[in-house]
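Quick notes on the structure that follows.
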């Protein structure tokens, strides 16, 4: 993975999210989204360390993870717009985006839930004779969920090839991390004997390096690693904040956050003309993707419960 | 013919499926030593990769099973007591059950949840005596309550082979039930197909699990009074409405005995189906636990809040008398 590839990913996620926010405001996306703006370096760095057949699980703030793992942005836009051509055929939406063909077992709207799902999937892959690794993303809020701590225990006990990626963006919705977490975030994992590291989550190359070491360790059969990536959410918890105008962060704090923009950090490592070329490439890609999504069909209402059961005839 | 107990039949089903399909594995608390006897002998036969003894981490290991299912395994979880299902209701109802639809059909979640010893075991008090099958049926999770050894074998086999999450409730009151079984006839029993446990022509009694034995005993007791048909749905959800309709079309009278709380329980559902679809000559009745029931400890109090044979006799008599009004 080269410098320019990491830049392409963070830039793609940033512009995808900015466009998605516009589509929420124009009504093309119903229900809103949880923007990933500011946290792009983590998705880019982690997914760059993974093989195509490795697995990820994601969060309610999951667009960046899914894009970094390689989904087609047209199918991702279409999913957010509830179209039949979406990743989940319009049945999942922003908080459930999944692409099993790319090893994306789904974004999950229950904080802390996906860590145990990823642990089981990674364990099962090893049982099935595969050398794949799972990376599971969660926020700082999730480290207060018992279910996730139980998963740490299982993963450490059974040397499961899983990388726990905590995106510490400072807030669980509006609750500051210092008001929510007793002890330390890495201490949660250390208690289970899991090697734990705090890394700069604004720098894609630092995230990539740390994740590469964790993935190598998992693939070598040495079990889980915990990465606390410190980051900052530049935008709202959810797009509804633009209407409710919640005030829980100062202007000074927000501008301090923007001063460490992962797109700028990675972009500064490129020659200006190379950067401009990537930017143009990303815009063209997203123009085409949005066009495809906007032109896609809506699902047929009579198929609202399609896919619920494997044997639907039993229920007729 | 040899005798087969209900619990041994389930043990046999697990062993047969572990042997037949390498993707099947068991997980749960104390299953290595088979504390409940459900998994007796299986650790020695299949080893630690197939019979996974878990720490007390119900929420994580329930999702762990979901994750394993997402990549092609067929996990079977044993929960030693029914109340643990309250702890993992989110993981079953909100995760496992929803993932197939939410992913647009990209995945299947073939996890089986087995509860050997659901309902009252007398003397286990409030937090060990629930029988929460109505709860799972209400959210659309496939829910099975076998009543006899052959069905316990066949329904568990079908649950494991089903591509959706399935909860199998083995009532405590049925575990010791034994019957003569020709082992060569043991076979999968399809989900969603009920059976007539005893044919009759005057009243249809719908009973589940251990209550089927109670219904059969009451039918014998009332043989001189009325010809009672006992219908065992076997699967709570999906419910065999067509099978039930056939029975009720003949008897025109309906009583349901259900070890759930009264409000929004399985009994309420059967009566709602009857109100919508059946042409009855008497108002139907239900025999249930009371509203909001919590089973008290003392034996007499425990029994007082469970649906019993006397209540069933009274309900059947009421339905028969209702005909004469």
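The values are calculated or read from the model by the stated rules, or taken from the named source; none is laboratory data. Since this is a predicted model, take the numbers as computed values, not measurements. Here the Cβ is made from the backbone with ideal geometry for all residues, glycine too, and neighbour counts use every protein chain on show.
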Can you tell me which residues in the range A:292-309 are exposed (fewer than 11 other Cβ atoms within 10 Å of the Cβ) and assigned to a helix (DSSP H, G or I)?
A:301, A:302
In the range B:75-89, what count of residues is obtained for those that are more than 10 Å from chain A (Cβ to nearest Cβ), in contact with a helix residue (DSSP H, G or I) (Cβ under 8 Å, 6 or more places away or on another chain) and touching a residue at least 40 places away in the same chain (Cβ under 8 Å)?
8
Pairs needed: first member in the range B:292-311, crowded, with 16+ Cβ neighbours inside 10 Å; second member anywhere, assigned to a helix (DSSP H, G or I); C-beta distance under 7 Å; at least 6 residues apart or different chains.
B:295/B:126; B:295/B:302; B:307/B:211; B:309/B:214; B:309/B:217; B:309/B:218
Do we have residue A:109 as touching a residue at least 24 places away in the same chain (Cβ under 8 Å) and either within 7 Å of chain B (Cβ to nearest Cβ) or crowded, with 24+ Cβ neighbours inside 10 Å (or both) here?
no
Which of the residues spanning the range A:116-147 are in a helix (DSSP H, G or I), more than 8 Å from chain B (Cβ to nearest Cβ) and in contact with a strand residue (DSSP E or B) (Cβ under 9 Å, 6 or more places away or on another chain)?
A:140, A:141, A:142, A:143, A:144
Filter result for residue B:147 (more than 12 Å from every other protein chain (Cβ to nearest Cβ), surrounded by 24 or more Cβ atoms within 10 Å (Cβ to Cβ), more than 14 Å from the chain's Cα centre (by Cα) and on the phi < 0 side of the Ramachandran plot):
no
Can you name the condition, by its number, that residue A:188 falls short on among (1) within 12 Å of another protein chain (Cβ to nearest Cβ); (2) more than 19 Å from the chain's Cα centre (by Cα)?
(1)
Per-region count, the range B:252-271, residues more than 20 Å from the chain's Cα centre (by Cα) and either surrounded by fewer than 24 Cβ atoms within 10 Å (Cβ to Cβ) or modelled with pLDDT under 95 (or both):
1
Out of everything in the range B:135-193 that is touching a helix residue (DSSP H, G or I) at 6+ places or on another chain (Cβ under 7 Å) and without any contact (Cβ under 8 Å) to a residue 40 or more places away in the chain, what residue ends up being farthest from residue A:310 (Cα to Cα)?
B:187
Scan the range A:250-267 and give yes if some residue there is away from chain B (no Cβ under 14 Å), within 20 Å of the chain's Cα centre (by Cα) and assigned to a loop (DSSP other than H, G, I, E, B), otherwise no.
yes
Close pairs from the range B:104-131: first within 22 Å of residue B:159 (Cα to Cα), partner surrounded by fewer than 19 Cβ atoms within 10 Å (Cβ to Cβ), Cβ under 6 Å, at least 6 apart:
B:106/A:100; B:107/A:100; B:108/A:310; B:108/B:163; B:110/B:163; B:130/B:83
Test each condition in (1) more than 16 Å from the chain's Cα centre (by Cα); (2) closer than 23 Å to residue A:9 by Cα; (3) within 11 Å of another protein chain (Cβ to nearest Cβ); (4) assigned to a helix (DSSP H, G or I) for residue A:88 and report the one that comes out false.
(4)
Residues satisfying the stated conditions in the range B:114-129, i.e. at negative phi and either buried (at least 24 other Cβ atoms within 10 Å of the Cβ) or in contact with a helix residue (DSSP H, G or I) (Cβ under 6 Å, 6 or more places away or on another chain) (or both):
B:114, B:115, B:116, B:118, B:120, B:121, B:129
If you go through the range B:28-46 one residue at a time, do you hit one that is closer than 19 Å to residue A:125 by Cα and touching a strand residue (DSSP E or B) at 6+ places or on another chain (Cβ under 7 Å)?
no
Filter the range B:27-62 for residues that are surrounded by fewer than 18 Cβ atoms within 10 Å (Cβ to Cβ) and part of a helix (DSSP H, G or I); which is farthest from the other protein chains (Cβ to nearest Cβ)?
B:44
Filter the range A:93-106 down to the residues that are at the interface with chain B (Cβ under 7 Å from one of its Cβ atoms), surrounded by 24 or more Cβ atoms within 10 Å (Cβ to Cβ) and not in a strand (DSSP E or B) and list them by number.
A:98
Restricting the range A:1-37 to residues that are touching a helix residue (DSSP H, G or I) at 6+ places or on another chain (Cβ under 6 Å) and part of a loop (DSSP other than H, G, I, E, B), the one farthest from residue A:290 (Cα to Cα) turns out to be A:1
Set A:289, A:280: member being out of contact with any helix residue (DSSP H, G or I) (no Cβ under 9 Å at 6 or more places or on another chain), closer than 22 Å to residue A:72 by Cβ and in a helix (DSSP H, G or I)
A:280
Test result for residue B:70, more than 24 Å from residue B:147 (Cα to Cα), surrounded by 24 or more Cβ atoms within 10 Å (Cβ to Cβ) and in contact with a helix residue (DSSP H, G or I) (Cβ under 6 Å, 6 or more places away or on another chain)
yes
I need a count of the residues in the range A:38-57 that are outside any loop (DSSP other than H, G, I, E, B) and more than 14 Å from every other protein chain (Cβ to nearest Cβ).
9
With without any contact (Cβ under 8 Å) to a residue 60 or more places away in the chain and buried (at least 16 other Cβ atoms within 10 Å of the Cβ) as the only criterion, which of A:263, A:314 stands out?
A:314
When the range B:90-113 is checked residue by residue, the ones that are closer than 25 Å to residue B:294 by Cα and touching a helix residue (DSSP H, G or I) at 6+ places or on another chain (Cβ under 7 Å) are B:91, B:92, B:113
